[in-house]
Structures are given as C-alpha cells and as structure tokens.
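Heads up, the thing below is written out as structure tokens.
The values are calculated or read from the model by the stated rules, or taken from the named source; none is laboratory data. Please read all numbers here as calculations on a predicted model, not as lab measurements. Don't worry about glycine lacking a Cβ; one is built from the backbone with ideal geometry, like all the others, and counts go over all protein chains shown.
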Amino acid sequence: MTDAPRPPAASGPAVVETADVVIVGAGPAGLSAAVTLRRMGVERVVVLDREATPGGIPRHCAHPPYGLREFGWIMTGPTYARRLVAAARAAGAEIRAATTVTALRPGPAVEVTSDAGRATIRARAVLLATGVRESTRAQRLIGGTRPGGVLSTGALQGMVHLAGVLPFRRPAILGSEMVAFSALMTCRAHDIRPVAMIEPGARTVARWPAALLPRALGIPLMLNTTVAAIEGGARVEGLCVQTPRGPRRLAADGLIVSGGFRPEGALLPGSHLTRDPGTGGPEVDPHGRLSDPAFFAAGNLLHPVETAGWCWNEGRRVARSIVLGLRGALPLPAPDPAGGRIALRGPLAYVTPRRICAPGDAALDRLILRMARPARGRLSLRVDGHEIAGSTLDARPERRLFLPLPPAGHGAVEVVFDEDGGDTG
Amino acid sequence: MRGVGMESFDAAVIGAGVVGCAAARRLALCGARVVVLEAAADILDGASKGNSAILHTGFDAPPGSLEAACIAAGHTEYLEIHERLGLPLDRAGALVLAWSQDEAARLPALMDKARANGVATIEPLTGAAIRALEPELAPGVVAGFRVPGEYLIDPWSTPLAYLRQALANGAQLWRSCAVTGARWDGKIWHLDTAQGPVGARAVIAAAGLWGDRVEAMFTGQATFTIRPRKGQFVVFDKPAAGLVRHILLPVPTEVTKGIVVCRTVFGNLLVGPTAEEQEGRRHAPLDTATLGRLRTLGEAILPALADHEVTAVYAGLRPASERPEYRITWDADRRFLGLGAIRSTGLSAALGLARHAAELIAATEPGWRALPEPAWPRVPNISEGAARDWQCPGHGGILCHCELVTRREVEAALDGPLGARTLAGLKRRTRVTMGRCQGFYCSEALARLTEGRLTEPMGLTGD
Ligand SMILES: Cc1cc2nc3c(=O)[nH]c(=O)nc-3n(C[C@H](O)[C@H](O)[C@H](O)COP(=O)(O)OP(=O)(O)OC[C@H]3O[C@@H](n4cnc5c(N)ncnc54)[C@H](O)[C@@H]3O)c2cc1C
Ligand SMILES: Cc1cc2nc3c(=O)[nH]c(=O)nc-3n(C[C@H](O)[C@H](O)[C@H](O)COP(=O)(O)OP(=O)(O)OC[C@H]3O[C@@H](n4cnc5c(N)ncnc54)[C@H](O)[C@@H]3O)c2cc1C
C-alpha cells in the first residue's frame, strides 16, 4: 500500500503565462467568440476547457438539429461541436482541453490546473462561457432512497454516447422542457424504453412539435404528476409518483431528472465579481461586461437556457464588445453599481442584462426575462415610474420574454409585472 | 470463498463501521492477528455512512456512563493521532443556542452536566455576545454557551484511516463476508461466513444496525433490540459555509440533540439531522416534505441561507435501542464482546470504545505484545482548504469538477486491499460526484474509469 502523493502546502501557482484574451469554456459561445476575436485581429486568444475534448454540451447531444444558423445545414451535436472546434483552430485560436480554471483574479488573470500543474494566465480581457447544467434530484428535494440510475440528461448522454455505458433500460423521464426530448431521443437511439414522461405542470413545457413525441412513441405522458419517492438499493427498483388521481407506483429501473437549468457559475462566489441573484450567473451590462470591466460573459452562463445557436451568436457579439473594450471604445460602465441596476417587481425570476449602461451597439441588444411562476398581467419597463415599453401577457416561466434595453442616465429603471386581480394561472 | 480449510485469527471484528474499524486498529496495535468481516461489498455501508461528522466532547452525554468516558477518550486520542494519519480537524467549536426563555432556563443544568462530564472550557454567553460571534444568525437568540472543544472531522476518511492502519499492521479485511452463524468449541469461535469458515479466539461484534441479531448468534439471545432512528440532512453549496463560524446546536431534548447547523470539513453547510423512528434497517428513505422543513428551519436560523443552493440531501440511521445508552455485552469466558447500539456518538467515541475493547480482551490474552514500531500510513486529506492533489503536476486531469477530484486520486482510491468496491465507497474516499452537479459533468469519465472495477457497475452488464 503506497501513501497518497502529498501536495505542497497551498499557495498560488508558480508558472505565469500571458495572452490577449482568455476564454473560459469551449462550448458554442466560447468557440464562436474565439473565431470573431481572431478575425478582428486579436493576437493571442486562448480557449480553456476542463473536459478532455472541447465542444461543450453539444459533444454528447448525438441528435439534430444543430448548426443551421452557423453552418447552413442541420447536423448532430457531436458533428456541430467538431465543426466549431475546427473553425476556432483554423482561425488561429489556441484551444487547451483538460485544463480547469480554478480561480478568477483581478488583473485580469485566471488560475488553472492541468496534468502539467498549476499556472496563472494573465490577459487583457477574460470571457466567461461556462454554460449551464441541469438541476439535481437533491435540489428538487426528491424523496426516497439514493440508488444508482438517477441521472440528469447530460450525465445520461455522456454515459451512453461518450463512455458506451447503459445505466438503465426502463427509466422514467422527469420534466418536459426541450432537454427532456433530447433525453427521449437519446433513449430511443440506445434501445432504452422510457416508461413515462412525468411533468409536474399542467402541460408540457416544450412547444409543439416536440410535445407530440411521447405519444407518437407510445410513452405515457403524466401531467400534474410529481415523483414522491425513489425506491431501490443499489439500483432504482421503482418510483412512487403522485398523480391527480392519487399515488401510483411505476416499475422503472432509472429516473432521468431533466432540465431545471442553472448556470455553471461556480467560479463567481470565490472571486471579486458580482453575481446576478436572478440568473445565478454573473451580473452583466448590455456589452456582456461584468462588474470588473476586464471580464465579459456570453452563452448560457448568462441565461438558463437558450439554444446552442443563440449562444453561438451571442459569443460573436460579445467578442466584438471585447475588441471595442480593448480599444477603449466601449461606453463607460455606470459609475455607481447600485444605482446602475434594473430593479425587479412582481413574479419575475430574472432580467438580463441587469446592469444599465449606454447601449451603443450593444452585444446583448434586448432584455431577456423569465417568470418565477405562471402569471397573467402587464409586463412593463419603467423609467422613473413611466412605462416606456410593455405588454399584457399570460406568461409562463419556461418561455423567454423580451423588453428593449433601457436608456442610461434618465432615471431609476424598473421591470414590473403587475398581475391581474387574483388570477395567477 | 477463500480457499479450503479454516483460517484462524486472534480476533475477528464483525462489521466495518467506524466502531469496527477503530477496534481493528487498536487490536492490531496490541499485536493481535485480526480479521475484519464485513457483510457489505465495501466498508462504511451502515450507520457510519451518514452522520453529522462532529467530534463531540461528550458535554451532554449521561455523566458517569461508558458513553461519556468513551467520547472523552475518543476525542483525546483523535487529537493525538489525526495528523499522523493525514486526517483533517476543523476546530470550529459549538454554540448551544436558546431561542426562548424556556430554553434559556435549561442552560444552567446543561452547563453543570458539561462540567460533570469534565468539559470545563464551556463559556456562558449573552444573546448579544452570540450575535457578535455569529453575525448571520437570525434575531431572537436569548442566551447560550460555547463549547470550544466540539470539532468537525471527515466522517469517512476517519474510519478508513483507522482500518488502513490496522491493515498496515497485519490485519485483514474480508468484504462481502456476512457472518451467518457462530459456535464456541471451548477454545475458539467457529464463524460461518459468506466467504467460508473463520476461526477466532475472540470476537468483537460491531454490527451497528444488526447488532442485536449478531449478538444473538453468539449469546443465544440479544440483551437489546435495535430501534433504527433516521436522521435526514440538507447540504448547501460551498458559498454557504461562510455563513457560520461555529457548530450551532439547539438546546437538546431527552430524545435528540436536535437540528444542527454547521459547515463540513468539505466546505459545505449542513442542516440536520431529524430523529425519526423507523422499522427498516437497510434503507433510510428521504422525504420531500421533511427536507423542505429542514430547509425552512435552516433559513429561520440563518436567513441568508435562502439565497443558497442545495448540493445534496442524505439520511443516516442511528443504531439506537430501546434504552438511551450503548449496549455493551462482555463474556470473558468465551471472549465475546458486543459493542451494540452505538447510537449517535459513535464517530467520536470509536477510539475510546476500541481502547475499552482492547483492555477487556487483552486481559484474557497475556501473550499479546503491543507492536513496538507500528506503521502509520496516511490517507489523503480531502478536506476543503487542505493541500490537494489538483495542485500537483501529473494528476491526469480533473475528473470531478465540482470537488476538484483528479484522475490520479480516483485511481489510487480504487487500488490496494482497501480499494473502493462500490461507487458509494469511491465517493466516500474521494468525493467524486458529491458536489453541486451530482454527476452531470463527471458521470461519463467515471463510468469509463470504473468499468470492470466495481461490484455494482455504473452501467448494466450483459443483457
Ligand atoms: C443535456 C443538454 C441537452 C441540450 N440539448 C440541446 C439541443 O438539442 N439543442 C440546442 O440548441 N441546445 C441544447 N442544449 C442547450 C446547450 O446548453 C447549448 O446548446 C449550448 O451548449 C450552450 O453553449 P455554451 O457555450 O453557453 O455552454 P456549454 O456548451 O455548456 O459549454 C461550456 C463549457 O465550459 C466548460 N467549463 C465550465 N467551467 C469551466 C472551468 N472552470 N474551467 C474550464 N472549462 C470550464 C465546460 O467544460 C464546457 O465545455 C442542451 C443542454 C443540455 C444540458
Ligand atoms: C443522523 C446521524 C448523525 C450522527 N452524528 C454523529 C456525530 O456528529 N458525531 C458522532 O460521533 N456520531 C454521530 N452519529 C453516530 C455514528 O454515526 C454512529 O454511532 C456510528 O456510525 C455507529 O457505527 P457502528 O460501527 O457501530 O455501526 P455501523 O456503521 O452500522 O457498522 C456496522 C457494520 O456491520 C456490518 N454488519 C452487520 N451485520 C453483519 C454481519 N452479520 N456480518 C458482517 N458484517 C455485518 C454492517 O454491514 C456495517 O457495515 C450520527 C448518526 C446518525 C445516523
């Protein structure tokens, strides 16, 4: 029996490197930003990704539709990921895989670790594009035992597509966001036959035509249903579900806990950067710029959750902001961080970008909003109490809503959702 | 099965929970040839898999009891040996908080009890003094006292380190080896096990939730009945750990120490445990409503918790019995020692219990000679803030991103006579998948790396 290797006493990394722009995350957003930065003449663009293979989430979404907007035809996730990586390399960006960013520092600088050891990379600007993950069984406080075979869609796809391992054959799928249908397609491709799709709400979250899929495949869709308890020792042996007609036991050997996206913002709490409590990601202004203006963000880290194409486009746009920033040509950030922030009222989960700044040719060209719960009423953008944009809606949390960017320097900005009397849907 | 014929040992320890691991270590250090027989595929699969990880002083134990003595002895020995074994220690200290005048009225008696238990360092505190120590605490604390010696430790590496030292000093571990029967031939015990017969001059039963059943195998009738008592927990993500400095304890009742709020040595914050009697000994099912109540209670104590995310939920089963005490059975003639119903303090008391066990048995074994120069193998210190493997080159890349667990750490944990046999065992040794994403990112890499190496693989085998 050998002793564990003993690391040196904790201290900062000894190796110091430099780059013009460091991009954290080689998913669609980070890779498209890399291409744009290189095309706009930025010399050293280094993209860091902690996975052994760059490409982000699409690496394991082995189904279409990806790439229509970016490459002009529809392809599967892995093909799309390879295309993005090849494009970034061809543009002259350096992609370093299996390299984990462990800290963000003023300067700006990032600390990394890889098989080669630790290093600090100093840059002129840093772009965060670390994406989203699904929320877990624990976060949903699902009861019962804790057997193997309770997985997110991402974990399932990684296991079957990348590792060639089947975790179950007859799972239930919890959730009905788009990603649940991604899970469904993954199952179909591997002869896994889901026993049910379970949705706590009254209707499927994803829109037509995906919502027709379970029925077409003969998979019961259980609406208004929750998973009360997971049963089993080493593996799932069954599920207790609470249906509108009372409790029921489902024979299943797994559970796919899908959706409920949250940003992979783990680097923020230990850093000097301000978090947006609504999204859980960083707080940004319309240029994609963080509280430390040498840091930028793009992709799903900013908004759980949009499509790969959306993130790809956003990466390009924020890259242009970075270039303007490097040239000193971006409008100044609002001097007072507290005053320069949009206030929220009503059942709103988040509004992004939250920081107010003279938009100019803003990378994030409108406000994206999500509801905290379904509600009916009037959504409005107000400056000093006066509505400057708004609409009356029957709003659901899974749908994104938009408002125009507020003007800077004209007074207190609020986004308000006034509910119709009593009826909250 | 392990070959033909019966292998014989000086002592057999039944159960590789924290109590069995500590007992095996102590006996091995005493010079005995020890075998540890564990029913499960890996160690720490019973009561020891889910606890609050507090190294108690025993300030509120029944004064004069064996439990109080073992906690005190265990606490002292842990402080002596933890560094040599590579084990962490977070000297958090505890605050016992009274939230009402009624509770405050019970503080003097509790402080007297603490002093009677030899815990002299306690300090009474006013509500204002407590708020100064814990600025994030909700308003309303009336009074309390500080117990500086209540510490936080690693609940899994601790027994692992004990057992590892036992093995390094000659002990053997047989896993997937349930003991199903026993016969005393006048000289030695003949044990029937899932791995064939085993002979032992002495037996220590440390069977946790099955303690009564195992004792009955040896004595014909158990002196107690196990009444499993479940404790559910909610664990918050790392940023929440900064909300508290101390272990926050309520004023305990007769039945339970109550809901604790404290950080963990892994840098999370936990709220729990509940105390719920249940029939089943195997599973500790979670309950959504109870977990929700724990979350609410946590927010009532630390309002800022409302903005923090849950990382994990879990439950443990205390091997309690029908009486609020340890149930120790010693048959000196037949050298059978039952360490039963080590209910809610076993992590703290294990080293003390082990000393007690060794004294009893060694008195019947004059031939034992303590090892003059025992080996002191270290386990990796995987606590938050410790120098970790990811900081050294050659780690093979990070496998679990949330907990920064390296490929090299996982490989090491799968290797050797104490190598992990189950995914749960691997998690307990390394923390893989125990972070905020709970396997979203690393399941794939882990499935590849563990293929063919776990008794219950992550994927299905065959068809
Ligand atoms: C299971 C699943 C299925 C999906 N299916 C679809 C679909 O079918 N179609 C669609 O359009 N969208 C889909 N999405 C949405 C998906 O998030 C986007 O498609 C897109 O991948 C987001 O791009 P991104 O660049 O923002 O982030 P990601 O693609 O998530 O990339 C982020 C990258 O950052 C890296 N990273 C994170 N932290 C660090 C760190 N500390 N150090 C170094 N690297 C780090 C990660 O390894 C990752 O590669 C799906 C999402 C999920 C989770
Ligand atoms: C919710 C909770 C919170 C707690 N908090 C703390 C705390 O903060 N501090 C503290 O000090 N203590 C705490 N405890 C108590 C502590 O966890 C227990 O006292 C301790 O784990 C008991 O260990 P054990 O070795 O006696 O039993 P176990 O861990 O149950 O070990 C018994 C082993 O014997 C094996 N076994 C059973 N039958 C057989 C057989 N026939 N053949 C072979 N093997 C067999 C089992 O598989 C098992 O591995 C807590 C407990 C709980 C549940």
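Values as computed for the structure displayed
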quantity: Residue ID - farthest from A:L290 (Cα to Cα), chosen from residues in segment A:303-331 that are assigned to a loop (DSSP other than H, G, I, E, B) and within 16 Å of ligand 1 (Cβ to nearest atom); calculated: A:T307
quantity: Count of residues meeting criterion [more than 9 Å from every other protein chain (Cβ to nearest Cβ), in a helix (DSSP H, G or I) and buried (at least 24 other Cβ atoms within 10 Å of the Cβ)] in segment A:154-179; calculated: 1
quantity: Hey, B:A202 part of a loop (DSSP other than H, G, I, E, B), surrounded by 17 or more Cβ atoms within 10 Å (Cβ to Cβ) and in contact (Cβ under 8 Å) with a residue 12 or more places away in the chain or not; calculated: no
quantity: Segment B:34-83, subset within 14 Å of another protein chain (Cβ to nearest Cβ) and not in a loop (DSSP other than H, G, I, E, B), residue nearest to ligand 1 (Cβ to nearest atom); calculated: B:K49
quantity: Single residue of segment A:106-129 satisfying the filter (touching a helix residue (DSSP H, G or I) at 6+ places or on another chain (Cβ under 7 Å) and at the interface with chain B (Cβ under 10 Å from one of its Cβ atoms)) that is nearest to ligand 2 (Cβ to nearest atom); calculated: A:T113
quantity: Positions within segment A:138-148 being over 30 Å from A:L48 (Cβ atoms) and under 24 Å from the mean Cα position of the chain (by Cα), in sequence order; calculated: A:R140, A:L141, A:I142
quantity: Members of segment A:273-302 found to be more than 9 Å from ligand 1 (Cβ to nearest atom) and closer than 15 Å to A:A362 by Cα, listed by number; calculated: A:V284, A:D285, A:P286, A:H287, A:G288, A:R289, A:L290, A:P293, A:F296, A:A297
quantity: Some residue of segment B:89-106 being part of a loop (DSSP other than H, G, I, E, B), on the phi > 0 side of the Ramachandran plot and either loosely packed, with under 15 Cβ neighbours inside 10 Å or in contact (Cβ under 8 Å) with a residue 24 or more places away in the chain (or both); calculated: yes
quantity: Tally, over segment A:83-99, of residues that are in a helix (DSSP H, G or I) and basic (K, R); calculated: 2
quantity: Restricting segment B:416-449 to residues that are in a loop (DSSP other than H, G, I, E, B) and in contact with a His (Cβ under 8 Å, 6 or more places away or on another chain), the residue that is nearest to the other protein chains (Cβ to nearest Cβ); calculated: B:C437
quantity: Condition met for A:L104 (within 22 Å of the chain's Cα centre (by Cα), assigned to a strand (DSSP E or B) and near ligand 1 (Cβ under 10 Å from one of its atoms)); calculated: yes
quantity: Among the candidates B:G149, B:G144, B:G118, B:G140, residue that is part of a strand (DSSP E or B) and out of contact with any Asp or Glu (no Cβ under 8 Å at 6 or more places or on another chain); calculated: B:G144
quantity: Strands (runs of 3 or more DSSP E) completely within segment B:205-304 that count 3 or more residues being within 11 Å of chain A (Cβ to nearest Cβ), modelled with pLDDT of 95 or more and within 15 Å of ligand 2 (Cβ to nearest atom); calculated: B:229-236
quantity: Close pairs from segment A:285-309: first within 14 Å of chain B (Cβ to nearest Cβ), partner more than 9 Å from ligand 1 (Cβ to nearest atom) and β-branched (V, I, T), Cβ under 7 Å, at least 6 apart; calculated: A:P304/A:T279
quantity: Members of segment A:36-73 that are surrounded by fewer than 24 Cβ atoms within 10 Å (Cβ to Cβ) and under 19 Å from A:L326 (Cβ atoms); calculated: A:T36, A:R38, A:R39, A:M40, A:G41, A:V42, A:E43, A:R44, A:V46
quantity: Matching option when the condition is of a type in the set (D, E), modelled with pLDDT of 90 or more and at negative phi, among A:D384, A:D418, A:D423, A:D361; calculated: A:D418
quantity: Residue match in segment B:377-398 (condition: in a strand (DSSP E or B), at the interface with another protein chain (Cβ under 9 Å from one of its Cβ atoms), over 25 Å from the mean Cα position of the chain (by Cα) and on the phi < 0 side of the Ramachandran plot); calculated: yes
quantity: Residue within segment A:244-259 that is touching a Ser or Thr at 6+ places or on another chain (Cβ under 9 Å), surrounded by fewer than 23 Cβ atoms within 10 Å (Cβ to Cβ) and under 27 Å from A:G144 (Cβ atoms) present; calculated: yes
quantity: Answer residue from segment A:130-153, given it is of a type in the set (S, T, N, Q) and more than 7 Å from chain B (Cβ to nearest Cβ) and is nearest to A:G238 (Cα to Cα) among those; calculated: A:T153
quantity: Residues located in segment A:113-128, provided they are surrounded by 23 or more Cβ atoms within 10 Å (Cβ to Cβ) and farther than 22 Å from A:S291 by Cβ; calculated: A:T113
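For every residue, the table says whether it meets (1) more than 14 Å from chain A (Cβ to nearest Cβ); (2) surrounded by fewer than 15 Cβ atoms within 10 Å (Cβ to Cβ); (3) under 26 Å from B:V261 (Cα atoms); (4) without any contact (Cβ under 8 Å) to a residue 40 or more places away in the chain.
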position: B:N117; (1), (2), (3), (4): yes, no, yes, no
position: B:T121; (1), (2), (3), (4): yes, yes, yes, yes
position: B:G127; (1), (2), (3), (4): yes, no, yes, yes
position: B:V179; (1), (2), (3), (4): yes, no, no, no
